[in-house]
Amino acid sequence: KKANIGIVGATGMVGRTFLKVLEERNFPIDNLYLFSSKKSAGSKVMFKNKEYIVEELKEDSFTKDIDIALFSAGGEISKKFAPIAKENGVIVVDNSSAWRMNQEVPLVVPEVNPEDLKWHDGIISNPNCSTIQSVVPLKVLHDAFKIKRIIYSTYQAVSGSGVEGISDLENGINGGENKKYPHQIAFNCIPHIDDFMDNLYTKEEMKMIEETKKILNDQNIRVTATTVRVPVKYGHSVSMNIEFERDFELSKIYELLENVDGLVIMDDIQNNIYPMPTYVQDKDEVYVGRIRRDFSVENGINMWVVADNIRKGAATNTVQIAELILNYL
Ligand code: 2RA
């Protein structure tokens with residue numbers, strides 16, 4: 001079965017990675033339509049040795065025969081155009097945060113809650129990159145030992161802010177002007193991702209807190225987060241402290257994680273083996289290491305989770321959702 005695919009934000013970093021992943025996974029595409037802002041319209045993009053012209057996204061863009069549209073063009077574009085696409089019978093998989101907490105919109109990580117796709121009503125949201133990599137190990141542990149509380153501390157790559165984040169890092173060494181960050185990011189850490197809110201948390205921290213509970217479908221889990229930008233180009237790292245309701249054996253934790261699709265355990269401290277951003281770049285799996293009991297509480301563990309924020313954190317997760325949709329089409 002083939003599908004007609006539309007890509008909104010086709011010239012951005014995630015948009016270009018959509019095309020790379022669609023090609024790598026040999027996604028069965030019949031027709032492909034690429035859309036961007038007026039600024040990038042007219043540019044040429046190669047896909048499977050064929051040249052495509054990027055069109056300016058317009059209200060009538062979805063009257064073409066598109067089955068599934070992958071969006072990565074910011075929240076404002078998604079807010080305006082996802083409903084238009086839906087009205088034209090297109091199924092939207094949106095990377096922005098615009099629709100994630102909407103009750104009618106499933107928030108999906110295929111290895112965690114694929115069944116939520118069953119109740120979509122035309123729009124499906126891809127979670128925030130740091131949330132995606134965090135929930136992949138959590139689902140089996142929640143089912144086995146019931147998670148009581150999670151403390152997230154993140155170390156997020158500058159590519160999460162797009163090409164301007166990368167240039168801030170590269171130029172920052174000479175004190176270059178910061179386009180994306182309030183301070184120099186080179187040789188620095190900035191505890192400020194997205195805007196601050198009245199509750200003194202950032203939107204990025206609130207995304208991790210709220211999205212985790214929605215994806216695991218359990219509003220009783222207590223979650224807190226501190227999200228930090230670090231001078232790394234690709235690959236988000238998350239330190240996770242997890243407290244369970246029930247007791248566990250560490251060997252059981254390993255056994256459960258070993259059987260999670262898309263998860264690789266890298267945990268051999270005798271040989272300095274643990275996940276690192278430089279190792280996970282361009283890979284689609286979520287890497288887990290430094291697994292150890294938290295001796296300061298009754299039933300707790302610490303672990304360290306790393307994944308490529310542009311691939312599993314955005315483009316690959318979105319394409320995996322599109323693959324699941326194809327099975328229902
Ligand atoms: C970031 N998670 O890293 C946010 C959005 N990609 O900037």
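The values are calculated or read from the model by the stated rules, or taken from the named source; none is laboratory data. These numbers come from a predicted model, not from an experiment. When we count neighbours, we look across all protein chains shown, and the Cβ atoms used for this are built from the backbone with ideal geometry, even at glycine.
When K179 is tested against the conditions (1) within 21 Å of the chain's Cα centre (by Cα); (2) within 14 Å of the ligand (Cβ to nearest atom), the lone failure is (1).
Of all residue pairs spaced 6 or more apart or on separate chains, those with beta-carbon atoms under 8 Å, a first member in region 244-264 that is on the phi < 0 side of the Ramachandran plot and a second member that is assigned to a helix (DSSP H, G or I) and charged (D, E, K, R) are V260/K139. For region 206-232, the set of residues classified as among the charged types (D, E, K, R) and free of Cβ contacts under 8 Å to residues at least 40 places away in the same chain consists of K213 only. Against the definition (at positive phi and at pLDDT 95 or above), how does G175 come out, yes or no? It is false that G175 is at positive phi and at pLDDT 95 or above. Quick check: is even one residue across region 282-300 crowded, with 18+ Cβ neighbours inside 10 Å, among the basic types (K, R) and within 24 Å of the chain's Cα centre (by Cα)? Looking through region 282-300, none of the residues is crowded, with 18+ Cβ neighbours inside 10 Å, among the basic types (K, R) and within 24 Å of the chain's Cα centre (by Cα). Among the residues of region 1-59, those identified as of a type in the set (K, R) and under 16 Å from G74 (Cβ atoms) are R16, K38, K39. The criterion of at least 3 residues that are without any contact (Cβ under 8 Å) to a residue 24 or more places away in the chain is met by the following strands (runs of 3 or more DSSP E) wholly inside region 1-114: 50-53.
Residue count for region 128-166, restricted to those that are more than 17 Å from the chain's Cα centre (by Cα) and within 25 Å of D247 (Cβ to Cβ): 12. Would it be correct to say that I150 is under 22 Å from N317 (Cβ atoms), away from the ligand (no atom under 16 Å from the Cβ) and crowded, with 20+ Cβ neighbours inside 10 Å? Yes.
Of the residues that sit in region 128-145 and are assigned to a helix (DSSP H, G or I), within 10 Å of the ligand (Cβ to nearest atom) and among the polar types (S, T, N, Q), which one is farthest from V228 (Cα to Cα)? The selected residue is T131.
Only one of the listed residues (M303, M276) is closer than 18 Å to V158 by Cα and either touching a residue at least 40 places away in the same chain (Cβ under 8 Å) or crowded, with 16+ Cβ neighbours inside 10 Å (or both). That residue is M276.
Yes/no matrix, rows are residues, columns are (1) in contact with a strand residue (DSSP E or B) (Cβ under 7 Å, 6 or more places away or on another chain); (2) within 16 Å of the ligand (Cβ to nearest atom); (3) not in a helix (DSSP H, G or I); (4) not aromatic (F, W, Y):
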| position | (1), (2), (3), (4) |
| --- | --- |
| K283 | no, no, yes, yes |
| G289 | yes, no, yes, yes |
| W304 | yes, no, yes, no |
| T318 | yes, yes, no, yes |
| I321 | yes, no, no, yes |
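Residues in region 216-229 that are assigned to a loop (DSSP other than H, G, I, E, B) and surrounded by fewer than 18 Cβ atoms within 10 Å (Cβ to Cβ): N217, D218, Q219, N220.
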